[in-house]
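The values are calculated or read from the model by the stated rules, or taken from the named source; none is laboratory data. A quick note: this is a predicted structure, and the numbers were derived from the prediction, not measured. Positions of Cβ are backbone-derived with ideal geometry, glycine not excepted, and every protein chain shown enters the neighbour counts. When the accessible area is computed, the model is the full protein with side chains, heavy atoms only, and any ligands, DNA or RNA have been set aside. Shrake-Rupley method; radii C 1.70, N 1.55, O 1.52, S 1.80 Å.
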Amino acid sequence: MAQPNAAAQSSIGSPSKISVELIINGVETKLDVAPWTTLLDALREHLDLTGTKKGCDHGQCGACTVLVDGRRINSCLTLAVMKDGARVTMIEGLATDGVLHPMQQAFIDHDAFQCGYCTPGQICSAVGLIAEGKAKTAEEIREMMSGNICRCAAYPNIVSAIQQVMGAS
Amino acid sequence: MINFEYARANDVADAVRQIAADPTSKFIAGGTNLLDLMKEDVERPARLIDITRLPLSDVEETPDGGVRIGALVPNSDLAWHPLIAQRYPMLASAILAGASAQLRNMASTGGNLMQRTRCFYFYDTVTPCNKRQPGSGCSAIAGINRINAILGTSDTCIATHPSDMCVALAVLEAKVHVAGPGGERVIPFADFHRLPGDAPQRDTNLDANELITAVELPADGFAKNYTYLKIRDRLSYAFALVSVAVGLEMDGNTIRRARFALGGVAHKPWRDEAAEAGLNGKVANPEIFERAAGLVLRDAKGFEHNAFKIELARRTIVRALIQAAHGTPQSQNNKKIA
């Protein structure tokens, strides 16, 4: 687990930092954040966990998707202080004991990315989609993955990857 | 985003006390719209009051056969809740037509009502906007106004309300429960949102120190004959150009009672009771639907880029009424319009 990055924290120049405790990829993690620190910035700038990407920073692209208490959300549109006590799982926390999560493996098997920038968000979103259990058909997968934009347009292969995991689960 | 202070509310009374004590503060729940507006410097609260730990997350039946939805119930939980999916499928459909799965997981029921317009000029702080800065002027009237309103506009504002969920709540005649310093009150849904008039900075009739605690649905959910038909520039994850929610009570082919509302065309979900009354007691057919659409749109006014919405709204109303009368509601997965 990476330690809080003191330099990044002090650069914000906050007069009133707030202590929060997050369970980051299964590890209890304490950090002090200014109130305006988004969950995304807390992960990337305070904890140096840069797998989660900042795309638009406005909830329009889905690159920042993480799982909070098992539900997929846009980490750019939530404040770290509001998630005190929550379990946050990102792309770095999906593999166990060096074995890729089935969704990570399926993205490789189906060549479900090109540049890869949207991929951590796509995979977290897809894991959340499976947990929700509402999407069954390719049409439903496309609709319920519409919050994740892929500029390389790997969409058909992303749908195939998700279907592979659905078929196995 | 400017720097701000952060506080948590312990209960509803504490939340109301905190907001009354500091007029520069705002409540935050899902945050999907407020934080976005704060990043754009459109909203600049000095203090956020986090209400997410208040006990307002239940969906429960009321003694008179309706359903009371806590203000903090996430949009996704509401859409998939068995009571809503089975008895108020128009509401479930409208919610699932909006935003993305991630945003629906975050956005709250009360926050959905409090969404602000997506008018380009409201977001663009270097241009005049009467809603953002009263008295500065409206840039949309002579600007890029493709997404703006055609009904109920004023010469100070032509913004639309962006919600899908609220269009269904208008048809259902929901009630909004609010708590304020003077106690609790109930606002009928039709009176919750406002037309712009000469005060477009006010989206709703909620007072500054009031908190939405619940949305109550009456017993009648129009579960057999309904639809939510949303027309937009891309098939998913886009705001409506025009949307129509319909609830019909049918007796064979005869309409006993009709209600419908439009989204994407006005500063609030748009209902026209005269147009609805014209359908009551009639045998469902395209001619009476055309007449109802004409009645709703009799005073519609287009601007340079959005005049197409008048004809689009007419066709969408007719198609939505046909879908509802036939009992074949629009799918939010398969976007082919039947």
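Share of carbon and sulfur in the accessible area of region B:5-52 stands at 44%, probe radius 1.4 Å. For region B:5-52, the pair-distance distribution built from all alpha carbon pairs, in bins 5 Å wide starting at 0, is 5, 23, 32, 23, 12, 4, 0 percent. With kT/(6 pi eta Rh) evaluated at 10 °C and eta = 1.306 mPa s, and Rh the Kirkwood radius from Cα pairs, chain B diffuses with a coefficient of 78 µm²/s according to Stokes-Einstein.
So, in Å, what gap is there between the alpha-carbon centers of region B:302-319 and region B:112-154? Region B:302-319 and region B:112-154 have Cα centres separated by 19 Å.
The label point for residue B:24 and the one for residue A:69, both projected 7 Å from the Cα toward the Cβ, are 3.2 nm apart. Distance between the 7 Å Cα→Cβ label points at residue A:99 and residue B:199: 6.4 nm.
For chain B, modelled as a GNM whose springs connect Cα atoms under 10 angstrom apart, the maximal fluctuation among B:93, B:236, B:163 occurs at B:236.
In the elastic network of chain B, a GNM with C-alpha springs shorter than 10 Å, the most mobile of B:292, B:29, B:101 is B:101.
With all protein chains in place and ligands, DNA and RNA left out, the 1.4 Å accessible area ranks B:189, B:120 as B:120, B:189, largest first.
In units of the rule-of-thumb radius 2.2 N^0.38 Å, region A:119-158 shows an alpha carbon radius of gyration of 1.07.
Report, as a whole number in µm² per second, the diffusion coefficient that Stokes-Einstein gives for region A:1-152 at 20 °C and 1.002 mPa s using the Kirkwood radius over alpha carbon pairs.
135 µm²/s
Loop-located trypsin sites (Lys or Arg not before Pro) in region B:229-292 (DSSP state not H, G, I, E or B) with no more than 11 neighbouring Cβ atoms inside 10 Å: B:234.
Go ahead and set up a Gaussian network model of chain B, Cα springs under 10 Å, then flag whichever of B:196, B:269, B:188 fluctuates most. In this elastic network of chain B, the residue with the biggest mean-square fluctuation among B:196, B:269, B:188 is B:188. Applying 1/(1 + (r/R0)^6) with r as the Cβ-Cβ distance of residue B:185 and residue A:56 and R0 = 51 angstrom yields a FRET efficiency of 0.85.
For the protein assembly as shown, adding -39500 (n - 2.57) for each run of n ≥ 4 DSSP H residues and dividing by the number of residues yields -8000 deg cm²/dmol at 222 nm. Which FRET efficiency value, to the nearest 0.05, is calculated for residue B:308 and residue B:62 with the Förster distance at 30 angstrom and r the Cβ-Cβ distance? Approximately 0.10, to the nearest 0.05.
How many percent of all Cα-Cα pairs in region A:102-168 sit more than 18 Å apart? That tail contains 22 percent of the Cα-Cα pairs. Legend: translational diffusion of region A:25-83 by Stokes-Einstein, Rh = Kirkwood radius over C-alpha pairs, 10 °C, 1.306 mPa s; D = 137 µm²/s.
Our summary of shape: the Cα atoms of the protein assembly as shown have principal axis extents of 69, 55, 50 Å, ordered from largest down, in whole angstrom. Would you mind checking the tilt of helix B:12-21 against the longest principal axis of the Cα atoms of chain B, expressed as 0 to 90 degrees and rounded to 10? Relative to chain B, helix B:12-21 is tipped by roughly 60 degrees. In whole Å, what is the distance between the alpha-carbon centres of region A:125-142 and region B:194-229? Cα centres, region A:125-142 to region B:194-229: 30 Å.
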